[in-house]
Amino acid sequence: MTDTVTGTTISPTDHVDHGPTTFLTKYIWSQDHKVIAIQYAITAISVGMVALVLSWLMRLQLGFPDTFDFIDPEGYYQYVTMHGMIMVIYLLTAIFLGGFGNYLIPLMIGARDMVFPYLNMLSYWFYLVSVLVLMSSFFVEGGPTGAGWTLYPPQSILPGTPGYEWGIILMLVSLVIFIVAFTMGGLNYVTTILQARAKGMTLMRMPLSVWGIFVATIMGLLAFPALFVGGVMMMFDRLLGTSFFMPAIIAQGEALQYNGGSPLLFQHLFWFFGHPEVYIVALPAFGIVSDLISIHARKNIFGYRMMVWAIVGIGALSFVVWAHHMYVSGMNPYFGFFFAVTTLIIAVPTAIKVYNWVLTLWRGDIHLTMPMLYSIAFILTFVVGGLTGLFLGNVVIDVPLSDTYFVVAHFHMVMGIAPILVVFGAIYHWYPKITGRLLNVKMGHIHFWVTFIGTYLMYFPMHYLGFVGVPRRYFAYEDAVFIPESAQTLNAFITVIALIIGAVQLLFIFNLIWSYYKGKEAGPNPWNATSLEWQTAETPPGHGNWGPTDPVVYRWAYDYSVPGVEEDFIPQNVPHAKGETHQGPDDDKGDT
Amino acid sequence: MTTQSEQQEHELHPISTYLKIWGMLFVLSALSYMVDYLSFQGYVRWSLILIFMVLKAGLIVSVFMHMQWERLALKAAILVPPLAIFVLVTLMIIEANYIFSSRVTYFGAG
Amino acid sequence: MILVIVLVLIVVGSVIFSFTSPWWFTPLASNWGAIDTTLIITFVITGIVFAAVVLFMAYAIFRYRHKEGSRADYEPENKKLEIWLTVLTGIGIIAMLAPGLIVWDQFITVPKEAKVVEVLGKQWTWAFRFPGKDEKLGTVDTRLINDENPWGLIPGDPNGQDDILVDDSELHLPIGKPYKLLLRSTDVLHDFYVPQFRAKMDLVPGLVTYFWFTPTKIGEFEILCAELCGVAHSEMRGLVVIDEEPAFQEWLNEHPTFAQETALNEAQVSEVPNQ
Amino acid sequence: MSQQTQDIPGSKLSPPEGWQGFNDDWSSDKETFKSVSWGKAMMWIFLLSDTFIFGSFLTGYMAVRMTTTELWPNPSEVFALTIAGQHIPLILIAIMTFVLISSSGTMAMAVNFAYRRNRGVCAALMFATAFLGACFVGMQFFEWSKLIEEGVRPWANPFGAAQFGSTFFMITGFHGLHVSAGVIYLTVVAVKVLRGDFERSGDYQGVEIAGLYWHFVDLVWVFIFAFFYLW
Ligand code: HEA
Ligand code: HEA
Ligand code: CUA
Ligand SMILES: [Cu+2]
């Protein structure tokens, strides 16, 4: 493969910069974006496992009420809260931006590292501290907060809610630290993408993975401030007795000192952050899955330009839809019109993305590799989750469905499983670049089929519980007359599947470790991919990524199966041959 | 990455430019203080405050922060996203009025 | 191949499940049939889109799966197709949104003849207040709430004197009359939700929210709290009983007005010997 | 090198301006913001993010002020001082505003002298800026003590709505933290200028970046002054 690498003279032994040499500077206090990426990913997966275990505990209670004495309502709400918060923020946001973002951005745009490596390192350590602070809340008096991951005041800081003593404070502190960590990392990613691309790498030649991560990071930089401010104000309410979100309140017979505040203000601030946040975890998945589909179908991504504009459009629109989470919150009812329209408009760019993924498969040369399997599973689960989102976005339909299991089913389909499937696919795809070895496919198949079929069996029927009207965040509801007996059977069924799926994740983790030592050697470019990260001199790439000479880019990232060319792919750093007639969208620019 | 001559081109305005802007900021600040000192009320007060505020902010951003001499690519990247805040502010004004009127109606306050 | 079969099975299975599911909406007991209708419209449109997208994908995988010597097409974009798909999607969206917005307009526009009743939520019970003969609810202040005055009615407000107070988590309403529910909380967020009525709305401290509906079926319906409000959230239940008008009036008359309640409290206080 | 060059538009070397330039920049390779250093680009993006923080703070302030039914204290009165028997409304805040604006002026000139490679004047102006910033913080300290003495607390105050004190301490506190951080930051950069660190790297953008931050802090004050003190 290396003979197609042009524009550079590479001899792997001849480094410009030999990089750090001691174990400590290489793997612990490392400023290398690749090491930081791995640190981020391992931390995120570890904390994700905690959230997974919490989901088992919740499911045990829901599937077999009155069986497990050690789960009381306090505990249940604490599990729900921590499960939701960890999964959304500390797992998905961290792994997509801190993990994949860190690893892929410099490699894909042809940079040697992030522009400010030291800040990048700090970002990881702050993230680790935020995780530790969050975990410490399990061990304080009263335990972690049980206010729901939305943390709505007044209840989150009042007795009657578990963890109102310390849990909520630690949660807010942890979030603030996370935001600082994210800002340090995010500034780096954005600046690197904008200012440190390789020669010839125009924005419109970047792989969609980078686009997804780029826009998601910008959204994070603009959305997290609202959470920060909401968090600070709530902390003041809790610790200083201010009344930002607290009106006059009689809590369990006792008059509190608060007066005049507005609980809805917090909800607006939270969702001004919260809705962009759900797209922050979706856009990187959109981008990565586009690349996986294109590479493993050996075909260019269909409608690249539309894909880019769709990502940008979704990113921009997601700042004006936040109150679709508040249709029944008692806000000004006329907001319903505005937010229903904006919300459904987002479906258009999203739909374009779905069409283009499917159309990329059309007339492709589809290799059903592990990444491809996960990508197809992603499309299916995302379509289901997205379409159920349309129910909720259509304001009046949300009235009966809000706060029921329909919502739970919606967001587990669209966020709890679709992006997670992309994470898996992406790990299968880039593992060879990170370690030099392929993951085991047999274990992969077991993991894939159980996870995919299992989650569908779990979440699809869950929608129907929502139609019945089963409310979410309920510790128990056996005695509700309108819920048929059979619903309990369904719940038990879901629980059993959830446990099986959970167990299979251990197989995946085992695969990660096993293949590191025993996996098949991969070579520098096992998937015959075009993007720059596969064209590095060494695998895994060394410090500084490119050896002595920077790569030069001549074409977009999707020159697969170009007619008249023998190989079915042309790497981005290969110049145009004379008389090459087919051109990607941005092929007339930049290569001087 | 940056050639020095390009830099010079942008940065070497005579000191008097800054002194002039400084003076204008002083005057504008004095004027906004006067709005309070002379106790203008109601819409006059609010519009005057806003006008002076926008002028001051504009001068600081465009001259002191050199936005005026930046290329459109940077100007747009920095000035467009804050529009999202305007959406938030507008809706929060409507929301706050709604809550206030609810309180006046049902809580016998106000 | 297995993948293609699985995808087709998922579509077929999901469609069959939707028709045969034992879990479906509770029978409607209010005027909000229009909500059900919009939901069905959305269900049908999204169902068709779901089947179409997944079946197309399955066919593509079947048809273009890798075989020895096969090679993909090269087609960066196809403007016409992309525009067509965008327009079609737009039409689908409008078809769902338009009825939705019309019904939402009805949902937030309370008819003039609607009577009001107040729902008061507190951790973790329900209470209710009818306006009495003057058809006006008296104003309230959370800070006035105490054992004698659990609603926090402002004693000086004449509108409040004849308000009828119901303090036992059971609300009766007459059939066929539109009612506007004014929702109020004294402590944290709650949500008044009766699945059979299809309507719900949060109770927010420091604010009075509302929704309206007309009961159309006689019977008892459970009230659920649908907004997390602390450890006993799932136990915060109540009951709405829909009666014929006479039975309703009879029930209503059993409950004291605010004036009566105050008088009673004062009597009790004076009975207690001085400290 | 000469000042006149700035007025010559579209010379062969400089890229096109306006929308054409906008298009060219965004569709170019390597860097989007032409001849903007990494540090400066990052500072701008950080300030954009910080704008959203202060934007949210001020929106929150606006929302609580508009929703509360209690009387909002008249800032003109609350922040009045009696100097030499004269009762002057808002006078301290006015002085603080002038101090901060002056510091912006000195900062802007410091940047200019940095590009003229006049290290001495540049550092002197930066120290002056930091000093004015420190004065500002000092006056803020005085203002806080005075209000606390008068019984204003984050949770209550004798003048009216409790949210007055809450938002006051929160917003001015947050801004004060920014100013304090800026004073330290400026001092560090000024010392570097004096030591000639930038001379060696041949690039004075460090001063300009510090300047961006400082002007932003001033900018935020403009909004706080208008919305909190004057409104
Ligand atoms: C990755 C995360 C993610 C994503 C991408 C989405 C996507 C969408 N979400 Fe979801 N949502 C969440 C995560 C996400 N959501 C979470 C976590 C919650 C709950 C939070 C909580 O309360 O705890 C939530 C809750 C939530 C609510 C609030 C429900 C309630 O609490 O009452 C609403 C309401 O509007 C909503 C709507 C939507 C819509 C319209 C989309 C759209 O963007 C979907 C667009 C996609 C499609 C439409 C499918 C593809 C399109 C086609 C195949 C084309 C064909 C279509 C037509 C012809 C119409 N979501
Ligand atoms: C990304 C987000 C995410 C993910 C992956 C999950 C995964 C799961 N969730 Fe969760 N969930 C939420 C986000 C998520 N959830 C949120 C936001 C809430 C709302 C909280 C609230 O109301 O406040 C919620 C609430 C919630 C409820 C509702 C509780 C209630 O309302 O009372 C339930 C109930 O069954 C549930 C179950 C599960 C189960 C069984 C799983 C899983 O077990 C399903 C199977 C899991 C996988 C297939 C993937 C697992 C992988 C990892 C965990 C990481 C490891 C990663 C690598 C190895 C790369 N979740
Ligand atoms: Cu009340 Cu939940
Ligand atoms: Cu949303």
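The values are calculated or read from the model by the stated rules, or taken from the named source; none is laboratory data. None of these values were measured; they are calculated from a predicted model. Reconstructed Cβ throughout: ideal geometry from the backbone, glycine too, with neighbour counts over all protein chains shown.
Report every pair of residues separated by at least 6 positions or lying on different chains whose Cβ atoms are under 7 Å apart, first residue within the stretch A:45-68 and in a loop (DSSP other than H, G, I, E, B), second of a type in the set (S, T, N, Q).
A:64/A:495; A:68/A:61
Check residue A:436 against each of (1) in contact with a helix residue (DSSP H, G or I) (Cβ under 9 Å, 6 or more places away or on another chain); (2) more than 11 Å from ligand 2 (Cβ to nearest atom) and name the one condition it does not meet.
Only one criterion is unmet by residue A:436, namely (1).
Would you check if residue D:226 is more than 10 Å from every other protein chain (Cβ to nearest Cβ) and assigned to a helix (DSSP H, G or I)? Give the derivation first.
On the way: more than 10 Å from every other protein chain (Cβ to nearest Cβ): no; assigned to a helix (DSSP H, G or I): yes.
In short, no.
From the residues in the stretch A:447-467 that are in contact (Cβ under 8 Å) with a residue 60 or more places away in the chain and farther than 17 Å from residue C:7 by Cα, which one is farthest from the other protein chains (Cβ to nearest Cβ)?
Looking at residues that are in contact (Cβ under 8 Å) with a residue 60 or more places away in the chain and farther than 17 Å from residue C:7 by Cα, I get A:447.
Enumerate the helices (runs of 4 or more DSSP H) found wholly within the stretch D:25-139, keeping only those where 3 or more residues are of a type in the set (Phe, Trp, Tyr) and either more than 7 Å from every other protein chain (Cβ to nearest Cβ) or closer than 21 Å to residue B:17 by Cβ (or both). I'd like the intermediate steps shown before the answer.
Values: elements: D:38-67, D:75-78, D:91-115.
In the stretch D:25-139, D:91-115 are the helices (runs of 4 or more DSSP H) which contain 3 or more residues that are of a type in the set (Phe, Trp, Tyr) and either more than 7 Å from every other protein chain (Cβ to nearest Cβ) or closer than 21 Å to residue B:17 by Cβ (or both).
Enumerate the strands (runs of 3 or more DSSP E) found wholly within the stretch C:203-260, keeping only those where 2 or more residues are free of Cβ contacts under 8 Å to residues at least 60 places away in the same chain and charged (D, E, K, R). Working first, answer last.
Values: elements: C:209-213, C:219-225, C:237-243.
Here the list reads C:219-225.
So, of the residues in the stretch C:121-141 that are of a type in the set (Phe, Trp, Tyr) and closer than 27 Å to residue A:474 by Cβ, which turns out to be nearest to ligand 2 (Cβ to nearest atom)? Steps first, answer last, please.
Going residue by residue through the stretch C:121-141, those that are of a type in the set (Phe, Trp, Tyr) are C:124, C:126, C:128, C:130.
If we keep only those that are closer than 27 Å to residue A:474 by Cβ as well, we get C:124, C:126, C:128.
On the way: C:124: 16, C:126: 21, C:128: 28 Å.
Restricting to residues being of a type in the set (Phe, Trp, Tyr) and closer than 27 Å to residue A:474 by Cβ, the top hit is C:124.
Looking for whichever is more than 16 Å from ligand 2 (Cβ to nearest atom), farther than 27 Å from residue C:107 by Cα, within 14 Å of chain B (Cβ to nearest Cβ) and not in a strand (DSSP E or B) here; the options are C:159, C:146. Which one fits?
Sole residue among the options that is more than 16 Å from ligand 2 (Cβ to nearest atom), farther than 27 Å from residue C:107 by Cα, within 14 Å of chain B (Cβ to nearest Cβ) and not in a strand (DSSP E or B): C:159.
Give A:354, A:399, A:384 a once-over and let me know the one that is more than 16 Å from ligand 4 (Cβ to nearest atom), within 27 Å of residue A:150 (Cβ to Cβ) and within 23 Å of the chain's Cα centre (by Cα). So that I can check it myself, show each step before the final result.
On the way: A:354 fails: within 27 Å of residue A:150 (Cβ to Cβ); A:399 fails: within 23 Å of the chain's Cα centre (by Cα).
Matching residue, one of A:354, A:399, A:384: A:384.
Residue by residue, here is whether (1) within 16 Å of ligand 3 (Cβ to nearest atom); (2) buried (at least 20 other Cβ atoms within 10 Å of the Cβ); (3) closer than 30 Å to residue A:493 by Cβ; (4) at pLDDT below 95 holds:
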| site | (1), (2), (3), (4) |
| --- | --- |
| A:8 | no, no, no, yes |
| A:12 | no, no, no, yes |
| A:24 | no, no, no, yes |
| A:30 | no, yes, no, yes |
| A:35 | no, yes, no, yes |
| A:43 | no, yes, no, no |
| A:69 | no, no, yes, yes |
| A:86 | no, yes, yes, no |
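What number of residues within the stretch A:345-401 are small (Gly, Ala, Ser) and more than 16 Å from ligand 2 (Cβ to nearest atom)? Steps first, answer last, please.
Restricting attention to the stretch A:345-401, the residues satisfying the condition of being small (Gly, Ala, Ser) are A:347, A:351, A:364, A:375, A:377, A:385-386, A:389, A:393.
Remaining after also requiring more than 16 Å from ligand 2 (Cβ to nearest atom): A:347, A:351, A:364, A:393.
Result for the stretch A:345-401: 4.
Considering every residue within the stretch A:217-239, establish whether at least one is surrounded by fewer than 24 Cβ atoms within 10 Å (Cβ to Cβ), free of Cβ contacts under 8 Å to residues at least 24 places away in the same chain and either more than 14 Å from chain C (Cβ to nearest Cβ) or more than 30 Å from residue A:169 (Cβ to Cβ) (or both).
Looking through the stretch A:217-239, at least one residue is surrounded by fewer than 24 Cβ atoms within 10 Å (Cβ to Cβ), free of Cβ contacts under 8 Å to residues at least 24 places away in the same chain and either more than 14 Å from chain C (Cβ to nearest Cβ) or more than 30 Å from residue A:169 (Cβ to Cβ) (or both).
For the stretch C:180-192, how many residues meet the condition of being more than 7 Å from chain A (Cβ to nearest Cβ) and either among the hydroxyl-bearing types (Ser, Thr, Tyr) or within 16 Å of ligand 1 (Cβ to nearest atom) (or both)?
3
Return yes or no: is residue A:175 closer than 30 Å to residue C:185 by Cα, part of a helix (DSSP H, G or I), hydrophobic (A, V, I, L, M, F, W, C) and more than 10 Å from every other protein chain (Cβ to nearest Cβ)?
Working: closer than 30 Å to residue C:185 by Cα: yes; part of a helix (DSSP H, G or I): yes; hydrophobic (A, V, I, L, M, F, W, C): yes; more than 10 Å from every other protein chain (Cβ to nearest Cβ): yes.
Here the answer is yes, as residue A:175 does meet what is asked.
Considering only residues of the stretch B:14-28 that are at pLDDT below 90 and at the interface with chain D (Cβ under 7 Å from one of its Cβ atoms), which is farthest from residue D:106 (Cα to Cα)?
Only one residue tops the list, namely B:14.
Looking at the stretch A:396-414, is at least one residue over 29 Å from residue A:334 (Cβ atoms), near ligand 1 (Cβ under 10 Å from one of its atoms), more than 10 Å from every other protein chain (Cβ to nearest Cβ) and in contact with a helix residue (DSSP H, G or I) (Cβ under 7 Å, 6 or more places away or on another chain)?
yes
Answer with yes or no whether residue C:133 is assigned to a loop (DSSP other than H, G, I, E, B) and of a type in the set (Lys, Arg).
It is true that residue C:133 is assigned to a loop (DSSP other than H, G, I, E, B) and of a type in the set (Lys, Arg).
Which of the residues belonging to the stretch B:62-81 are free of Cβ contacts under 8 Å to residues at least 40 places away in the same chain, more than 7 Å from chain D (Cβ to nearest Cβ), assigned to a helix (DSSP H, G or I) and crowded, with 18+ Cβ neighbours inside 10 Å? Don't jump to the end; show me each part of the working.
Step one: filter the stretch B:62-81 for residues free of Cβ contacts under 8 Å to residues at least 40 places away in the same chain, giving B:62, B:65, B:67-68, B:70-81.
Okay, now just the ones that are also more than 7 Å from chain D (Cβ to nearest Cβ), so B:62, B:67-68, B:70, B:75, B:77, B:79-80.
Those left that are additionally assigned to a helix (DSSP H, G or I): B:62, B:67-68, B:75, B:77, B:79.
Of everything in the stretch B:62-81, those that are free of Cβ contacts under 8 Å to residues at least 40 places away in the same chain, more than 7 Å from chain D (Cβ to nearest Cβ), assigned to a helix (DSSP H, G or I) and crowded, with 18+ Cβ neighbours inside 10 Å turn out to be B:67, B:77.
Filter the stretch A:343-368 down to residues that are more than 7 Å from chain C (Cβ to nearest Cβ) and either of a type outside the set (A, V, I, L, M) or not in a helix (DSSP H, G or I) (or both) and give me whichever is farthest from residue C:94 (Cα to Cα).
At the first step, the residues of the stretch A:343-368 found to be more than 7 Å from chain C (Cβ to nearest Cβ) are A:343, A:345-346, A:349-350, A:353, A:356-357, A:359-360.
Then keep just the ones that are either of a type outside the set (A, V, I, L, M) or not in a helix (DSSP H, G or I) (or both); that gives A:343, A:349-350, A:353, A:356-357, A:360.
On the way: A:343: 12, A:349: 15, A:350: 16, A:353: 19, A:356: 22, A:357: 24, A:360: 27 Å.
Here the answer is A:360.
(1) away from ligand 1 (no atom under 16 Å from the Cβ); (2) more than 7 Å from chain A (Cβ to nearest Cβ): which one isn't true of residue C:98, the others all being true?
Single failed check for residue C:98: (1).
In the stretch C:166-191, which residues are part of a strand (DSSP E or B) and either touching a Pro at 6+ places or on another chain (Cβ under 6 Å) or charged (D, E, K, R) (or both)?
The first filter runs over the stretch C:166-191 and keeps only residues part of a strand (DSSP E or B), leaving C:166, C:170-174, C:179-185, C:190-191.
Within the stretch C:166-191, C:170, C:173, C:180, C:184, C:185, C:191 meet the criteria.
Quick check: anything in the stretch A:263-281 within 16 Å of ligand 2 (Cβ to nearest atom), part of a helix (DSSP H, G or I) and acidic (Asp, Glu)?
Step one: of the stretch A:263-281, the residues within 16 Å of ligand 2 (Cβ to nearest atom) are A:266-267, A:270-271, A:273-281.
Next, from what is left, pick out any that are part of a helix (DSSP H, G or I): A:266-267, A:270-271, A:273-281.
Now restrict to residues that are acidic (Asp, Glu): A:277.
The answer is yes; a qualifying residue exists.
From A:478, A:538, A:533, which residue is of a type in the set (Asp, Glu), within 30 Å of residue A:295 (Cα to Cα), away from ligand 1 (no atom under 16 Å from the Cβ) and not in a helix (DSSP H, G or I)?
Values: A:478 fails: within 30 Å of residue A:295 (Cα to Cα); A:533 fails: not in a helix (DSSP H, G or I).
One residue alone meets the criteria, A:538.
Say we look at the stretch C:111-137 and pick out the residues that are among the charged types (D, E, K, R) and more than 19 Å from residue C:261 (Cα to Cα); which of these is farthest from the other protein chains (Cβ to nearest Cβ)? So that I can check it myself, show each step before the final result.
Narrowing the stretch C:111-137 to residues among the charged types (D, E, K, R): C:112-113, C:115, C:118, C:122, C:129, C:133-136.
With more than 19 Å from residue C:261 (Cα to Cα) added as a condition, the list becomes C:112-113, C:115, C:122.
Values: C:112: 17, C:113: 20, C:115: 16, C:122: 7 Å.
In this case the residue turns out to be C:113.
Would you mind finding the one in D:82, D:51 that is among the β-branched types (Val, Ile, Thr) and out of contact with any helix residue (DSSP H, G or I) (no Cβ under 9 Å at 6 or more places or on another chain)?
Numbers: D:51 fails: out of contact with any helix residue (DSSP H, G or I) (no Cβ under 9 Å at 6 or more places or on another chain).
Testing whether each residue is among the β-branched types (Val, Ile, Thr) and out of contact with any helix residue (DSSP H, G or I) (no Cβ under 9 Å at 6 or more places or on another chain) leaves just D:82.
Only one of (1) closer than 21 Å to residue C:54 by Cα; (2) within 14 Å of ligand 4 (Cβ to nearest atom) is not met by residue A:422, so which one is it?
Checking residue A:422 against (1) closer than 21 Å to residue C:54 by Cα; (2) within 14 Å of ligand 4 (Cβ to nearest atom), the one that fails is (2).
Is there a residue in the stretch C:238-252 that is within 16 Å of ligand 3 (Cβ to nearest atom) and within 8 Å of chain A (Cβ to nearest Cβ)?
No, the stretch C:238-252 has no match at all.
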